[in-house]
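Shown next, in structure tokens, is the structure this report addresses.
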């Protein structure tokens, strides 16, 4: 199995200072990939800067210019959570372009699948606004690129970040060619993603939200993937699967309150990989979103690449210590299945 990896040192130049989304996230992750002998077997995917025209697939010209101007003026804040430095605009162009490059290499057959280790992340960036640590919506831009430039008709986006990807949902809410499916902690930042948000117009039914309560762990996520992700994917029959991979539902993460383990993330990727092999010639592009405990992030990315490569992996962190109550998700899953006719 030939797996591609997108990385460029410019991603470290998005200097956020003392912030959860910081350059050290990638540095520690790369160290872990090298230590575990994974990095050396990955095929480098060369990122490039996304063009303004490509950003315009998703974002308004006003938003693009605003991000550029804030960076050019020395940096600053888009909102209380989202900080820019002088190189942040350049890094953001390369992040979006890096995911585009991954799409191109997967669809050309140069690699079977790929993961983009990019920052800043993207799934909170709406067409008109950067927020939640995100400047441009990398996965949405690359999805549109696949459709506009690579003749891909149907794309499924699976988002397992602990925060709802409101920006990705907004980008495709009225679109029946992109199926957006998110599992996330709810109610939680950014406050969107309830199960009754299902799309509008032609896109009705093509947004699927699984709004988990606090404390759901591997078993709850496994049920959601088995009972919702799998049948939804089979019904939609995507030609490409994109993954917004946030690792902040990990039990060690400081910004959320879920109980997922590194092994649990590996299990999610196994389901996605199996679906891709069944439905779309194994074509998967994964892009990094959240994950703010450095060890949890690094081990989970190692697990993800291991699954993409067809390798086994070891979870050095194990299950949550002192795990006790785990909420019952029977009613939630039944409701989502009823809404979507599963």
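In terms of the mean number of neighbouring beta-carbon atoms within 10 Å, the peptides 122-131, 27-36 order highest first as 122-131, 27-36. With contacts taken as Cα pairs under 8 Å at a separation of at least 6 residues, region 50-91 carries a relative contact order of 28 percent.
Of all beta bridges that DSSP places with both ends in the chain, some 10 percent have antiparallel geometry. At full extension, residue 339 and residue 237 could sit 34.8 nm farther apart than now, given 0.36 nm per residue minus the alpha carbon distance.
For region 83-177, what class follows from the C-alpha gyration tensor (a ≥ b ≥ c being the square roots of its eigenvalues): rounded when a/c is under 1.5, otherwise prolate if a/b is larger than b/c, else oblate? Oblate, because a/c is 1.5 or more while a/b does not exceed b/c.
Per-residue ellipticity at 222 nm for the chain, helices alone: DSSP H runs ≥ 4 residues times -39500 (n - 2.57), over residue total, nearest 500 deg cm²/dmol?
Helix-only estimate at 222 nm: -11500 deg cm²/dmol.
Cβ-Cβ distance of residue 281 and residue 48, R₀ of 35 Å, FRET efficiency by 1/(1 + (r/R0)^6): the value works out to about 0.90.
Return the ratio Rg/(2.2 N^0.38 Å) for region 115-266, where Rg is computed over Cα atoms only.
Numbers: Rg = 14.5 Å, N = 152, 2.2 N^0.38 = 14.8 Å.
The reported ratio for this selection is 0.98.
Our summary gives region 234-342 a relative contact order of 31 percent, counting only alpha carbon pairs under 8 angstrom and 6 or more residues apart. Taking the fewest neighbouring Cβ atoms within 10 Å as the starting point, the ordered list for 184, 145, 164 is 145, 184, 164.
Modelled label positions at residue 274 and residue 312, each set 7 Å beyond Cα in the direction of Cβ, lie 1.8 nm from each other.
On full extension of the chain, what length is gained from residue 219 through residue 321, given 0.36 nm per residue of separation minus the C-alpha to C-alpha distance? Walk me through the intermediate numbers first.
Values: separation 102, 0.36 × 102 = 36.72 nm, distance 1.58 nm.
Gain on stretching residue 219 to residue 321: 35.1 nm.
Across the chain, the mean sequence separation of Cα contacts (distance under 8 Å, 6 or more residues apart), normalised by length, yields a relative contact order of 18 percent.
Building the convex hull from the alpha-carbon atoms of region 1-92 and averaging its projection over directions returns 7.3 nm².
Computed over the Cα atoms of region 164-231, pair by distinct pair, the Kirkwood hydrodynamic radius stands at 12.2 angstrom. Ranked by the mean number of other Cβ atoms within 10 Å per residue, highest first, peptides 62-69, 234-241, 263-270 order as 263-270, 234-241, 62-69.
Residue separation of residue 128 and residue 13 scaled by 0.36 nm, minus their Cα-Cα distance, works out to 39.0 nm of gained length. Shape index of the chain: Rg/Rh, with Rg the Cα radius of gyration and Rh the Kirkwood radius from the inverse mean 1/r over Cα pairs, equals 0.93.
Taken as Cα centroids, region 215-282 and region 97-120 sit 19 Å apart, rounded to the nearest whole angstrom.
Bear in mind that the values in this text are calculations on the coordinates, not laboratory data. Note that the coordinates shown come from a computational prediction; the quantities given were computed from them, not determined experimentally. All Cβ positions, glycine included, derive from the backbone under ideal geometry; neighbour counts span all protein chains shown.
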